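**Student:** This is the structure I have questions about; it appears just below.
The values are calculated or read from the model by the stated rules, or taken from the named source; none is laboratory data. Remember, it's a predicted structure, so these values are computed and weren't measured experimentally. Because the Cβ atoms are built from the backbone with ideal geometry, glycine has one as well, and the counts that use them run over all protein chains shown. Side chains included, ligands, DNA and RNA excluded: accessible areas come from the protein's heavy atoms. Shrake-Rupley method; radii C 1.70, N 1.55, O 1.52, S 1.80 Å.
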Amino acid sequence: MIRKILGVAALIAILASCGNKTQKEETTGKEVTKVTVDEVLADMQKYVDQEVIISGIVNHVCSHGGKRMFIMGSNPDAAIKITPDDAIGVFEKELEGSDVLVTGIVKELRIDEAYVDNLEKEVAEGADNEAIHDHSAGTHDEEAENEKQAQLDAMRNKIAESEQGYYSQFWIEASEFEVKDHDHAEEGHEHEHMEDEDHSHEEGHDHEHGEEGHTH
Amino acid sequence: MKLRKLNRSIHRDLGYIFFFMTLIYGLSGVALNHIDDWNPSYIIRNNPISISEAPLSKETLNRSEVISLLKTYAPQETYKNHYFPEDGLLKVFIEDGNINIDIKSGEGIVETSKRRLLLHPANYLHYNPKKWWTWVSDIYAISLMLLAVTGLFILKGKNGIAGRGAWLTATGILIPIVFLLLYYWEVF
């Protein structure tokens, strides 16, 4: 009896650790636009609330919780933030460096003065927030607080500079994703980007994906 | 009398059912409480690497060249991808981590991460990864409250809720209230 119980417990633990490299099988029947990272980054507003299929190299996965990952296009200066929906749950750190195909809806968060005021209150109360999410784990509280205050100040400056009194953050909420077949190193194949676009990441641009995702 | 028996049965059976989930949440709860001090899900290792061919030229560092360097200096690692996050810095993604190399000096760090055997799956579940697990954990949370309430009425007599139990329960109620007041009054 005890063996059976332990066996079931072990099986549950193994299943839980298996990650989520599978794709949701449901199809919604909605129209989905196939886009490149560069196309979306060029005009994210155009794709807001649209379902898109996008591929790119994962250059970062938040290791604490796996609730965000970033994929980059031909220019590593900018990357798109991807968040998982409830069905995907989390992204595993092992995805870093993988070529992934993501299906999801482009989301927009408009940040104005009222939003930042509210955010400041939340930060003072110790709450985390998508717009100001950082990777400060590992730093001391005071340092993290200073960093958050600096981010709030930067947000206010950005709003002041904007013509419409707000600026937007964009990300894609993924409903499906899959890891593309990976060329093995031994085969020596060059990496092929979606739609045969040359994508060797050898252009040497400074890269900062930013903690806030892509912003306009 | 029947009510007390039912109370004991509920407490006992919920205790059996949720024994393992309590361990999962307890273990990962401690681990995640200290998330600022360590990575609770992965063992991160950093090892230095030195490329003697440096300085390297970005123009010649194509995929096959990077794979060749990897085979020489980190033969145990499997190449996934690479790019240049900033001028003079090469980042190579490997199967279980990444390598950052200063292409001028040839100095770099191999960072590998390995899932912690028990904590990774425990933390994975603790983060409510998917909606079905959210339902399971909701049921567990409600059951914990039931366990707490039924636990009050297990014993009768001087060690029961009318005796020693009352003092201990009151202490347990006071602890969070005192902390709450101290935080609200910004004592610390």
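**Student:** Can you find a residue that is in a loop (DSSP other than H, G, I, E, B) and away from chain A (no Cβ under 11 Å) anywhere in the stretch B:10-26?
**Tutor:** Yes, some residue in the stretch B:10-26 is in a loop (DSSP other than H, G, I, E, B) and away from chain A (no Cβ under 11 Å).
**Student:** Does residue B:49 count as at pLDDT 90 or above and within 12 Å of another protein chain (Cβ to nearest Cβ)?
**Tutor:** Answer is no for this residue.
**Student:** Do you know which of the residues in the stretch A:171-190 that are in a loop (DSSP other than H, G, I, E, B) and open to solvent by less than 50 Å² (accessible area, probe 1.4 Å) is modelled with the lowest pLDDT?
**Tutor:** Ranking the candidates gives A:188 first.
**Student:** For the structure I just gave you, tell me whether residue A:14 is modelled with pLDDT under 50 and in contact with a helix residue (DSSP H, G or I) (Cβ under 9 Å, 6 or more places away or on another chain).
**Tutor:** Considered against the rule, which asks whether it is modelled with pLDDT under 50 and in contact with a helix residue (DSSP H, G or I) (Cβ under 9 Å, 6 or more places away or on another chain), residue A:14 comes out as yes.
**Student:** Here is a further query. Being more than 14 Å from every other protein chain (Cβ to nearest Cβ) and open to solvent by 80 Å² or more (accessible area, probe 1.4 Å) is the filter here, so list the residues in the stretch B:127-145 that pass it.
**Tutor:** B:139, B:142, B:145 - these are the residues of the stretch B:127-145 that are more than 14 Å from every other protein chain (Cβ to nearest Cβ) and open to solvent by 80 Å² or more (accessible area, probe 1.4 Å).
**Student:** If residue B:61 satisfies all but one of (1) at the interface with chain A (Cβ under 9 Å from one of its Cβ atoms); (2) more than 25 Å from residue B:35 (Cα to Cα); (3) not in a loop (DSSP other than H, G, I, E, B), what's the number of the condition it fails?
**Tutor:** (3)
**Student:** Further, regarding this structure: Against the definition (loosely packed, with under 14 Cβ neighbours inside 10 Å and within 14 Å of another protein chain (Cβ to nearest Cβ)), how does residue B:87 come out, yes or no?
**Tutor:** Yes.
**Student:** Of the residues that sit in the stretch B:106-126 and are part of a loop (DSSP other than H, G, I, E, B) and open to solvent by less than 60 Å² (accessible area, probe 1.4 Å), which one is nearest to the other protein chains (Cβ to nearest Cβ)?
**Tutor:** The selected residue is B:116.
**Student:** What number goes with the only condition from (1) in contact (Cβ under 8 Å) with a residue 40 or more places away in the chain; (2) facing another protein chain (nearest Cβ under 8 Å) that residue B:67 does not pass?
**Tutor:** Every listed condition holds for residue B:67 apart from (1).
**Student:** Here's a check for you: in the stretch B:14-61, which residue that is without any contact (Cβ under 8 Å) to a residue 60 or more places away in the chain and touching a strand residue (DSSP E or B) at 6+ places or on another chain (Cβ under 7 Å) is surrounded by the fewest Cβ atoms within 10 Å (Cβ to Cβ)?
**Tutor:** Among them, the one singled out is B:50.
**Student:** Here is a follow-up. Can you tell me which residues in the stretch B:153-173 are open to solvent by 60 Å² or more (accessible area, probe 1.4 Å), assigned to a helix (DSSP H, G or I) and more than 25 Å from residue B:33 (Cβ to Cβ)?
**Tutor:** B:158, B:159, B:164, B:167
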